[in-house]
Each structure stands twice: as C-alpha cells, then as structure tokens.
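Quick note: the coordinates plus some simple rules give every number you see, no bench work behind them. Computed from a prediction, not measured in an experiment: that's the story for all the values here. Heads up, the Cβs are rebuilt from the backbone with ideal geometry, glycines too, and the neighbour counts pull from every protein chain shown.
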Amino acid sequence: MALYKEQSLKIYNSLTGKKEDFIPLLEGHIGMYVCGPTVYSNVHLGNVRTFMSFDMIFRYLKHLGYKVRYVRNITDAGHLTDDGDQGEDKIAKKARLEKIEPMEVVQQYTVDFHNILNAFNFLPPSIEPTATGHIIEQIEIIKKIIDNGYAYEKNGSVYFDVVTFNKDHEYGKLSGRKLEDMIANTRALNAQDEKENPQDFALWKKAGPEHIMRWPSPWGDGFPGWHLECTAMSTKYLGEQFDIHGGGMDLKFPHHECEIAQNEAAMGTVPVRYWMHANMLTLNGQKMAKSTGNSINPGEIFTGDSPHLTKGFAPSAARFFVLQANYRSILDFSNDALIASEKGFNRLMESLKILKSLSTDASSSMDVAAWRQSCYDAMNDDFNSPILIAQLFEAVKQIHLIKDGKATITADDLKLLTKTMNDFVFDVLGLEDGDAFAKADDTKLNGAVELLIKLRKEARENKDFATSDKIRDELLALGIQLKDGREGTTFTVN
Ligand SMILES: [Zn+2]
C-alpha cells in the first residue's frame, strides 16, 4: 500500500491562509509547478533556498508514493528590468553589455544554475520547459483572452484589462489586495502610456527595431510578457487545473496574481488548488544586495571564498542548515549559524555509521514505531523539516545510548530505525555523506599512488625499466599522470 494512504498530509495554502488537508485532483498523482530562474546572472542564494524547499517537498511527495509531475521552468525571455512593463529584457541587456548572443547568456547561466543545484543534491524536475520554447502556446492564450474580452491591443502590444476582468472575477485574491486600493495608490498614467489602466499588464510587447529577441505574432513582431509563460507551460504540462504551484514569496504579486487572472480569463478555470510560497533568506540579519556588499554566491559557500565566511562548507552541511528552518520562515544566513549547523550535520552522519554496528537485545527501550510516526507527523504538518530534524536527533540520542549500553533495541526495531533514518536523511532531506567519503578516498588514493611511485623508483634504481614503465603507463591509463621533477615524482589525477 502506498504510504500516502496511511499518512494525512496538510499543506498551508497561501490562497486561503490556512493549513488544509491535501487531496490531489487525481488519486495518487500530483501536478506541481514551480517558477524557475531568469537565467541572466548566477543563481541567487535566496532562489537556491526557494528551490531547495520545493526539492524537499518534491522528495517527500515521492517518498509518500505519489506519482509527481514536477515542472520547473527556465525564463529565457520576457522578464523585463522594470516590473511596470518598461525597461529592457534582462537577458537582452546582459547580452548587449557582454557583446554576446542572448542565447549564450541563457546557456551560461542555465549551466551555472544546474551545477549549483547538482552540488546541493537536487533531484531534477520532471520537465524543465523554457519560455522561448513555448511562444506558440503563449500566443494562443493571448488570442483566447482577447476573444473573451479581457485584453486589448495597442500599437502592436497586447495588455491584460484588469478592470474589466475584476468586474467578472476577483483580481488580487492571492495577495489579498483590492483593485480599488491599488488604483488609489498608483500614479496616473502618462499621456504616452499605452495602457488604459496602470494595473493592466503586458501579455505581448511590440519589439522595437533594436530588440533582437523577437517573434512574429498576429500583432506584429514582439515578445511575450513575463507572467504569460508560466500560464502557458503549466497549462500545457499539468492541465487547466493542477494541484500545487510554488515559488518565492516575492512572486506572489504581481507574478502569481497575474497567472491566476490569465488562466481565468483564457480558460475560465481557477488554475491552482494549493499555492505555496517559500520565504526569503537574509545574510547577517539584512536583506541580501550586491550593491551593499551584503551578498554571497552559492558557490562561495563551498570554497569559503567570501568576506562573510571563515571557511568553506560541504554542500550537504549547507543544505542541512537551510532545511533546519521552516520553508515559510525567514532564514538568516551567517558564518556562525553555518558552523553550528555543520556540527549537527556531522553528528547526524556519525550516528548513521554507529547504527550499522549496534548490537541488539530481546527488548527495546525505545518505541521505534511511535518515533517513526512522529517523523511523518512533522512532515505531514506542511513539510515541517525543523521538527523532523528534531525527531531525527531524538533517534541520534537513543543510538548513542544503545551504543553505550544504556538502552536496548530488538533486531526488528533496529531494522525499522535504520530504514526510517535512511529514508528521511537521504531520500527526503536529500543529504549526502559523500563529502566525508570523498576525503577518506583521497587519503587512500594518495597513499596507494605514493606507494607505486616508491616501487617505480626502486625498479629504476635496479635498472628494471620494464617494471618502472609499466607502473607509469598503467597509472596513466587510469587517468593518473606521474611527473618526474628535481624534487622527486609528483602526480595529477584527471
Ligand atoms: Zn512563474
């Protein structure tokens, strides 16, 4: 029997502001969409935190036995430097400054994004579609919105008519804003503005002659508005209505609000059943900003090459640190907090090794089944990873007591304890102990190669050149190159 049948998951729905029982549209299946990065610069640590939260959520849903289709897009066009539909396309701007093709910018930062996520042991999404790969679908949705009377064309651009939409539907329900208040609080339109109302947003923008990222459309050459791609791709891969939509808190308004409006205006359906938003990350108690220097790149965490860090950290230790906070709470990133977290992470990993050598008894002093359920209870309560981690440390305490002979465990309980620990530590939290093993392997490898270097030296001294050449050549075939120098022989591993 699938685990989800015996566990009752609750999800905090940003749309209702309540924790709700999670009931998927189709039993056993989940459609989940998460807004991906705009690939015009290295991925921001705050975004890594958001994606990590959804990676943990994806992992738990899979662990429960659901068949999950997880769609996370890549924004490679349409995201402008100014939220008010003005300014330049972020990718085109970067391409202009660096004098390279926009698709080179996209490639470079998509690769960076994947490298960072791989280092943190993310599972890849089921589908990772791009905005530029779905221009036709976006144009079709615009046509539908125009036909339904909720958009208008102006000089080759198309705008969503928020005022008309709000008469038949409710604009602002996700962010809790009222259109009347929004109108009262915004400046009047300039004469040159094409929009009928400042709250209207672009579905399609006309491309000026200098604009290189452009596609033909019924309204002339142009490019899609940023909000539209997510509606097009979520509808295409998950249907007009699907289970979970996630993203960073900062996307709630206007991006997600506009997605809802587009779906309702085009298809007449409320697209998402459960909206989930991950909270932001601060650095040393303050908002991260490159301009003030209060900023850190994800890759710098591994190397320690940052004024904010005293050393580098293993990716899994950093991942453990992030998941020690609830995804809906603000997480403050600091060197001290990371160091404290690293200690906890190492203790957790060490206990998993002790687990393998525990001796068993006729009875257990720990109620393993109840403890196991408390781990599920934590995750069933809106993916409360800090509570789960606290439960895992309850087990760590017991493991040490059993090791010291101050507590006992039966063979069956030890089996269940081991399976549960492994399930949650590796499958659900996505932690890896590879860092510790890699270091141990390095030491062993170094020792072995040094030994061969010594044997080769002895062979040469005995004029046994056949043996010395054989050692050199066979090491080279394994990707280990020996270099003879004045100081002796060194080696490199390719
Ligand atoms: Zn989106």
Kindly state, to the nearest 0.05, the FRET efficiency for Phe253 paired with Thr292, given R0 = 22 Å and r defined as their beta-carbon distance.
0.35
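Using DSSP to call loops (not H, G, I, E or B), can you name the trypsin sites (Lys or Arg not before Pro) in segment 61-147 whose Cβ has at most 16 other Cβ atoms within 10 angstrom?
Numbers: sites: Lys62, Lys67, Arg69, Arg72, Lys90, Lys93, Lys94, Arg96, Lys99, Lys143, Lys144; in loops: Lys99.
Loop-located and lightly packed - Lys99.
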Straight-line reach check, Lys457, cutoff 22 Å on alpha carbons, 8 or more apart in-chain or any other chain, hits among lysines -> Lys444, Lys470, Lys483
Which of the lysines could a cross-linker span from Lys397 if the Cα-Cα distance has to be under 20 Å and same-chain partners fewer than 8 positions apart are dropped?
Lys343, Lys353, Lys356, Lys406, Lys415, Lys419
What are the principal axis extents of the Cα atoms in segment 1-74, in Å, biggest first?
44, 27, 18
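Provide Ser329, Ser175 in ascending order of the number of other Cβ atoms located within 10 Å of each residue's Cβ, fewest first.
Ser329, Ser175
Rounded to two decimals, what is the ratio between the C-alpha radius of gyration of segment 278-332 and 2.2 N^0.38 Å?
Working: Rg = 11.4 Å, N = 55, 2.2 N^0.38 = 10.1 Å.
The value comes to 1.13.
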Value of Rg to Rh for segment 358-441 (Rh from inverse mean 1/r over Cα pairs, i.e. Kirkwood)
1.01
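Regarding the chain, what's the average projected area of the Cα-atom convex hull, expressed in nm²?
Details: hull surface 125.2 nm².
Averaged projected hull area, Cα only: 31.3 nm².
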With the label point 7 Å along the Cα-to-beta-carbon line of Lys356 and a cut-off under 14 Å to each amide N, the hits in segment 108-127 are none
Show me, bin by bin at 10 Å from 0, the whole-percent P(r) of segment 334-482 based on Cα pairs.
10, 29, 21, 13, 14, 11, 3, 0
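Based on the Cβ-Cβ distance of Glu240 and Trp215, what FRET efficiency does E = 1/(1 + (r/R0)^6) give at R0 = 30 Å, to the nearest 0.05? List each step's numbers first, then the result.
Numbers: r = 24 Å, r/R0 = 0.80.
Between Glu240 and Trp215 the formula returns 0.80.
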From the residues Phe424, Cys375, Leu401, which one has its Cα farthest along the dipole of segment 347-494 in the positive direction, the dipole being from +1 and -1 charges on Cβ of Lys/Arg and Asp/Glu about the Cα centre?
Leu401
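Using 0.36 nm per residue of separation minus the Cα-Cα distance, give me the extension gain between Asp305 and Asp377 in nm, one decimal. Mind dumping the intermediate values first?
On the way: separation 72, 0.36 × 72 = 25.92 nm, distance 3.92 nm.
Stretched fully, the Asp305-Asp377 segment lengthens by 22.0 nm.
What is the Rg over Rh value, at two decimals, for segment 227-336, using alpha-carbon atoms and the Kirkwood definition of Rh? Present the calculation step by step, with values, prior to reporting the outcome.
Values: Rg = 18.0 Å, Rh = 16.3 Å.
In segment 227-336, Rg relative to Rh is 1.11.
Once the piece of chain linking Ile339 and Asp82 is laid out straight, how much longer is it, given 0.36 nm per residue of separation minus the C-alpha distance between them?
88.7 nm
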Could you tell me the distance between the Cα centroids of segment 95-140 and segment 442-494, to the nearest Å?
44
Just to confirm the number: angle between the C-alpha axis of helix 385-403 and the first principal axis of the chain, 0 to 90 degrees, nearest 10?
10
Quick check: the angle from helix 257-267's long axis to the longest principal axis of the chain, C-alpha only, nearest 10 degrees?
60
Charge dipole (debye, nearest 20) of the chain; +1 at Cβ of Lys and Arg, -1 at Cβ of Asp and Glu
1020
Hey, if you put +1 on the Cβ of every Lys and Arg and -1 on every Asp and Glu Cβ in the chain, which of Gly247, His114, Met32 ends up farthest toward the positive end of that dipole?
His114
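Restricting to Cα pairs below 8 Å that are 6+ residues apart, what does the relative contact order work out to for the chain? Please round to a whole percent.
Working: 739 pairs, mean separation 74.7, N = 494.
This gives 15 percent for the chain.
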Within segment 175-269: Cβ-based charge dipole about Cα centre, in debye rounded to nearest 20 (Lys, Arg +1; Asp, Glu -1):
140
Cα centroid separation, segment 35-50 to segment 155-217 (Å):
26
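With the radius of gyration and the Kirkwood radius both derived from the Cα set of segment 256-409, what is their ratio Rg to Rh? Please list the in-between numbers first.
Details: Rg = 21.0 Å, Rh = 18.8 Å.
In segment 256-409, Rg relative to Rh is 1.12.
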Filter the cross-link list Lys10/Lys144; Lys19/Lys62; Lys205/Lys287; Lys205/Lys236 down to pairs whose alpha-carbon distance in this structure exceeds 29 Å.
Lys10/Lys144; Lys205/Lys287
Low-density loop cleavage sites - GluC sites (Glu not before Pro) in segment 1-96, where at most 13 other Cβ are within 10 Å (DSSP):
Glu6, Glu27
Which trypsin sites (Lys or Arg not before Pro) from segment 148-225 combine a DSSP loop assignment with at most 10 other Cβ atoms within 10 Å?
Arg187
Alpha-carbon Debye profile of segment 78-117, log10 I(q)/I(0) at 0.20 Å⁻¹:
-0.63
Once every Cα of segment 195-274 carries one equal point scatterer and solvent is ignored, give the base-10 log of I(q)/I(0) from the Debye formula at q = 0.13, 0.17, 0.26 Å⁻¹, two decimals.
-0.47, -0.76, -1.25
Relative contact order (percent) for segment 1-54, with alpha-carbon contacts under 8 angstrom and 6 or more residues of separation?
18
